[in-house]
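Below is one structure, written out as structure tokens; the observations come after it.
The values are calculated or read from the model by the stated rules, or taken from the named source; none is laboratory data. All figures in this text were calculated on a predicted structure; none of them were measured in a lab. No Cβ is skipped: glycine too gets one built from the backbone with ideal geometry, and neighbour counts run over all protein chains shown. What goes into the accessible areas is simple: the full protein's heavy atoms, side chains included, and nothing from ligands, DNA or RNA. Shrake-Rupley method; radii C 1.70, N 1.55, O 1.52, S 1.80 Å.
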Amino acid sequence: MNMPKKTPVYVTQPLLPDLQDFLPYLETIWENKVLTNAGPFHQQLEQALCDYLGVKHICLFANGTLALMTALQALRISGEVITTPYSFVATAHSLLWNGIKPVFVDVDPVTLNLDPRKIEAAITPHTTAIMPVHCYGQPCDVASIEKIADNYNLKVIYDAAHAFGVRHQGTSVLNYGDLSVISFHATKIFNTFEGGAIICPDAKTKLRIDRLKNFGFVDEVTVVAAGINGKMSEINAAFGLLQLKGIDAAREQRRAIDAAYRVQLAGVPGIHCLTAGEGDAANHAYFPILVGPAYPLSRDQLFGALREQEIYARRYFYPLISDFPMYRDMPSAAPARLPIAQRASSQVICLPIYPGLADDIVAAIVAIIAAPFTTTIDS
Ligand code: T4K
């Protein structure tokens with residue numbers, strides 16, 4: 001097939017402002033000589049993100065994984081935590097790093113998020129929390145999860161790494177649960193090169209988290225917890241402030257690409273696109289498709305066909321976290337206990353989506369996906 005381009009196309013490309021626009025921020029940093037430790041840009045970004053996202057308190061971090069690890073410390077979580085196998089490894093790794101045992105529970109076949117109907121059966125006397133993921137930015141069934149957490153006195157920490165700007169029932173999805181954690185990695189819709197944050201509902205918890213991410217210091221001579229260095233630097237925070245100026249335009253471009261894929265893929269048998277729930281405002285962070293049995297090729301064959309044309313889509317999330325060596329011997333990781341996650345992991349491909357992805361590239365990607373049908377007609 002003739003492609004309208006010769007350069008590789010990746011699953012994403014980072015949002016980058018004009019370099020010239022970043023220079024004044026750098027000049028300020030050079031003038032102030034404040035490079036880190038909750039400097040002025042750090043404080044400005046926390047406030048700007050609270051305003052933009054519609055949340056009360058944000059604690060910025062050097063990355064999302066450190067934020068997850070610190071969130072667990074902040075709530076003094078121990079024992080067992082119920083989580084999803086269908087996510088990036090950082091979700092479960094943050095538990096292991098805290099000496100906590102992840103207990104995997106299968107996902108919902110429609111949203112691919114932790115299935116609340118299966119949570120209760122996994123609760124034991126050691127369970128202290130639930131860590132669901134708003135996978136691809138699709139909100140979890142937050143109402144059901146909250147009900148279970150209330151009934152069993154469990155904390156809820158949402159891994160909301162993908163959920164920047166997502167709204168659910170008229171409010172930011174980051175306002176649900178005891179804490180939410182977001183990522184600002186280069187591959188996320190809003191990036192600070194590396195970065196992340198914990199969203200928390202009250203000032204007291206924010207203070208505790210701010211201390212934990214700064215070694216546990218209260219003042220020069222007082223340390224109240226075995227904290228970590230999780231701080232975001234001034235250069236990352238300044239970049240975040242500049243990024244916020246372009247975020248709405250970037251999200252609009254993502255929305256248009258998402259819509260184009262949906263229209264063009266609608267007639268391709270066996271290809272299923274995930275759809276936002278009613279009352280949810282999506283962020284179009286990812287464009288996952290499921291390659292079902294009605295499609296003539298396997299997922300991996302289609303993945304290979306895209307690669308042949310230098311379309312570097314990704315199989316997020318294959319393998320499942322529960323299939324990695326450090327988890328697979330856990331009883332809850334048994335594939336037979338996670339059939340929906342196993343199936344999704346064998347069917348999913350995340351197609352390229354990012355601001356600047358040209359219409360003709362989207363059309364070419366769809367043409368590769370539709371090729372098994374058109375080839376039959378042509379021949
Ligand atoms: N929880 C969840 C649910 C997560 O998805 C993640 C991260 C976390 C927690 C942890 O948050 P962080 O600690 O990362 O803040 C990527 C990201 O590294 C990772 O942040 C992300 N999830 C995960 C889903 O995807 P890779 O290994 O697939 O990324 P990589 O480097 O292969 O990048 C994908 C494509 O993006 C490349 O082919 C090209 C493009 N790219 C990437 C980078 C890094 C660029 O064009 N420029 C770049 O700088 O993991």
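Distant-in-sequence amide contacts of VAL103, defined by a placed amide H-H separation under 5 Å and a gap of 5 or more residues or a different chain, comprise VAL81, ILE82, THR83.
Bridgeable aspartates and glutamates around LYS245 (alpha carbons under 15 Å apart, same-chain partners fewer than 8 residues away excluded): ASP18, ASP21, GLU46, ASP51. Test of the criteria: in the range 1-91, which GluC sites (Glu not before Pro) are in a DSSP loop and have at most 11 other Cβ atoms within 10 angstrom of their Cβ? Those that pass, being in a loop and sparsely packed, number zero. For LYS101, the lysines whose Cα comes closer than 23 Å to its Cα, not counting residues fewer than 8 places off in the same chain, are LYS118, LYS147, LYS155, LYS213.
Note on the range 112-160 and the range 263-306: Cα centroid distance 26 Å, given to the nearest whole angstrom. Return, ordered by residue number, the residues of the range 27-62 whose backbone nitrogen is under 12 Å from a label point located 7 Å along Cα→Cβ of ASN229. The answer is 36-37. From helices alone, the chain scores -12000 deg cm²/dmol at 222 nm; the rule is -39500 (n - 2.57) for each run of n ≥ 4 DSSP H residues, then divide by the residue total. Shown is the FRET efficiency for ALA305 and LEU16, computed with R0 = 35 Å from the Cβ-Cβ distance and rounded to the nearest 0.05: 0.70.
Which residue fluctuates the most in the chain, going by a Gaussian network model with Cα springs under 10 Å, if the choices are PRO325, PRO288, PRO14? Result for the chain, Cα springs under 10 Å: PRO325 fluctuates most. Per-residue 3J(HN,Hα) values for the range 75-89, derived from phi via the Karplus relation 6.51 cos²θ - 1.76 cosθ + 1.60 with θ = phi - 60°, read 9, 6, 6, 8, x, 10, 10, 7, 8, 9, x, 9, 6, 6, 4 Hz in sequence order (x marks Gly and Pro). Cut-off 10 angstrom, C-alpha nodes, Gaussian network model of the chain. Which of VAL110, VAL263, VAL291 fluctuates the most? Per the Cα network of the chain with a 10 Å cutoff, VAL263 tops the list. Once backbone amide H atoms are built at 1.01 Å from N, HIS57 has CYS200 as its partners under 5 Å, excluding neighbours fewer than 5 places away on the same chain.
The string of couplings for the range 133-141 from the Karplus curve (6.51, -1.76, 1.60, θ = phi - 60°) is 10, 7, 5, 6, x, 7, x, 5, 6 Hz, one whole number per residue in order, with x for Gly and Pro. Tell me the angle of helix 234-265 to the major Cα principal axis of the chain, expressed in degrees between 0 and 90 and rounded to the nearest ten. Taking Cα atoms only, the helix is inclined about 30 degrees. A Cβ-based charge dipole, computed about the Cα centre of the range 19-242 with Lys and Arg at +1 and Asp and Glu at -1, lands at about 340 debye. Per residue, the chain exposes an accessible area of 45 Å² to a 1.4 Å probe, with every protein chain left in place.
Rounded to the nearest whole Hz, the Karplus-based 3J(HN,Hα) values (6.51 cos²θ - 1.76 cosθ + 1.60, θ = phi - 60°) of the range 362-372 follow the sequence 4, 5, 5, 5, 5, 5, 5, 5, 7, 4, x, with x at glycine and proline. Once you divide the Cα radius of gyration of the chain by 2.2 N^0.38 Å, the number left is 1.02.
Heavy-atom accessible area with a 1.4 Å probe sorts MET326, MET131, largest first, into MET326, MET131. Amide H contacts for LYS231 (H built 1.01 Å from N in the peptide plane; partners 5 or more residues away or on another chain; cut-off under 5 Å): ALA62. Extension gain for PHE373-GLN44 works out to 113.1 nm (0.36 nm per residue, less the C-alpha to C-alpha distance).
On the range 1-133, 57 percent of the accessible area sits on carbon and sulfur atoms, based on a 1.4 Å probe.
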